[in-house]
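What follows is one structure encoded as structure tokens, with my remarks underneath.
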Amino acid sequence: MTTEKDSRRVAIIGAGITGLVAGWSLQQRGWDVTLFERKGHPGGSIHSVRQGGWLAEYGPNTLQLKSPVVQKLFEQLGLAGQLREAGSRSSRRYIVRNGRLVPIPTSFREMVRREFISGGGMARVLLEPFASAGKDPDESLASFVRRRLGDEVLDYAINPFVSGIYAGTPETLSVRHAFPRLYQLEQSYGSLILGSLRKRWQQRDEERFKTRLVSFDNGLQVLPERLASQLGEVRYETEITRLNRSDHGWELIANGVKSSGYDQVLLNIPLYRVSESLIEGGGEVQKAARLAVYPPLSVVHTGYHHSRIRHPLDGFGFLVPEVENRKILGALFSSSLFPGRAPADSVLITTFVGGSRQPDLASLPGDRIRELVTRELGELLGTSGEPEFYDHAFWPDSIPQYTPAYDRVTQAIDHLEAQHPGLHLIGNFRGGISLPDCIERGLSWGEL
């Protein structure tokens, strides 16, 4: 039996992963879904490219499968059999320290034995439970870590970690918005160390979902393509230029052509593209979006015959602390993570350049980027000669930065939605930027 809700119509603008999952979830609950995408393919930043024996990821390279909800989605999509878990070596990760790669310790004992942190730095960490609580809700991550754990942890642990996740810097990120779990540990327990131990103790008898690092045989783009294929209507190369609300529902205009009668609209586009010309009141969101800076980022793929690289690439990859004064943010050992990323006897390395740390480097001409990356990899990994495979993807606006004062961004979004009932802004500018976060938020929109 069809109910009134079953026949309601929803328009989703933007075929990024949040919009695709939201559309699929709503369709499962009987909604009539139409998805509009200005490009010719689904996935947003998820883009996998096969060139001969090489498989390059232009956006996310891996997915951390940490939720049974996401696992169930893969099963419902018929993708569970195509999942590939990263090799056991992926648990080993490196940091550049004093110009060379050193493994990141995985236990307190390793940290002490390898002298990853100096004696003075370790003493500062052990004093963390006695640090005073912060009082500024807009505190930066750098200030938070310096106050609780000291400068050495900030420089050689948090700084490179942040560049690997956000392509950002601790100084320009809000601890409350960008790393809410750290903020809540201090608020709830008064200590990161004691709070972590307390939470682990509380969860000791609970059944835990085993977190896995995964991808698909043909790259992560398999996921958005499967989602899009199961939606009733997807209109590619269709850019919505105006949204209007009338007594008969939402009206969308693209290239002068109107599409109307939608009960709800999910707007899954970057904040800087929300404007007054798109929707009344959108200019305030666009102004606030200046606080959610999207820094430029270059993703560079280089392939070498294994005989032309000294490092064994026995891990996930490496990150570069800012204090090391290098020209790259870090690199992934892509062919060490999953099979089929490089031809036999060759290796594929994915390097990241730019971000908030060095935005000007990301937009260098192609030949300059190639020269920079091959030089850095030669010094750090021992590569020699020119790569046998090379590919370069440039993202002029990569990842939204949850900066201090980000409340102004969320307030502008909330205000626009309050002005226009039935309009919802979704995407990685809310609730986390990671691929799993976006998937879970997309699923939650099924309860619209």
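What follows draws every value from the coordinates through simple rules; no lab data is involved. Note that the structure is a prediction, hence the values are computed from the model and not measured. Note that each Cβ is placed from the backbone with ideal geometry, even for glycine, and that neighbours are counted across all protein chains shown.
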Positive dipole terminus of the chain, leading residue within 426, 305, 227 (C-beta point charges): 305
For helix 192-202, what angle does its Cα long axis make with the longest principal axis of the chain, in degrees from 0 to 90 and rounded to 10? 70 degrees
Where Rh denotes the Kirkwood radius from the mean inverse Cα pair distance, what is Rg over Rh for region 228-329? 1.20
Size-normalised alpha-carbon gyration radius of region 108-202, reference 2.2 N^0.38 Å: 1.06
Beta bridge orientation in the chain: antiparallel %, DSSP, nearest 5: 70 percent
May I have the extent of the alpha carbons of region 1-74 along their three principal axes, as whole Å values ordered from largest to smallest? 51, 32, 17
Output ³J(HN,Hα) for region 253-258: one whole-Hz value per residue in order, computed from phi by the Karplus curve 6.51 cos²θ - 1.76 cosθ + 1.60 with θ = phi - 60°, and x for Gly and Pro. 10, 9, 6, x, 9, 9
Quick one: helix 180-189 against the long Cα principal axis of the chain, what's the angle to the nearest 10°, folded into 0 to 90? 70 degrees
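Given a Förster radius of 22 Å and the C-beta distance between residue 255 and residue 411 as r, what FRET efficiency does 1/(1 + (r/R0)^6) yield to the nearest 0.05? Display every interim value, and only then the final one.
Values: r = 33 Å, r/R0 = 1.51.
Result of the calculation: an efficiency of 0.10.
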Rg and Dmax of region 353-427, Cα atoms only, in Å: 19.8, 59
Equivalent ellipsoid semi-axes for the chain, as square roots of 5 times the alpha carbon gyration tensor eigenvalues: give them largest first, rounded to whole Å. 37, 28, 22
Work out from phi, with θ = phi - 60° and the Karplus expression 6.51 cos²θ - 1.76 cosθ + 1.60, the ³J(HN,Hα) of each residue of region 33-48, listed in order in whole Hz, and give x for Gly and Pro. 10, 10, 10, 10, 9, 6, 8, x, 8, x, x, x, 6, 7, 8, 10
Give me log10 I(q)/I(0) at q = 0.09, 0.17, 0.21, 0.23 Å⁻¹ for region 261-389, Debye formula, one equal scatterer per alpha-carbon, no solvent. -0.40, -0.87, -1.15, -1.32
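With all pairs of different alpha carbon atoms counted, what Kirkwood hydrodynamic radius in Å does region 17-162 show? Write down the numbers at each step before the final one.
Working: mean 1/r = 0.0499 Å⁻¹.
Result for region 17-162, one decimal place: 20.1 Å.
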Region 77-88 - phi-based ³J(HN,Hα) in whole Hz, Karplus 6.51/-1.76/1.60, Gly and Pro as x: 7, x, 9, 4, x, 9, 5, 10, 7, 4, x, 4
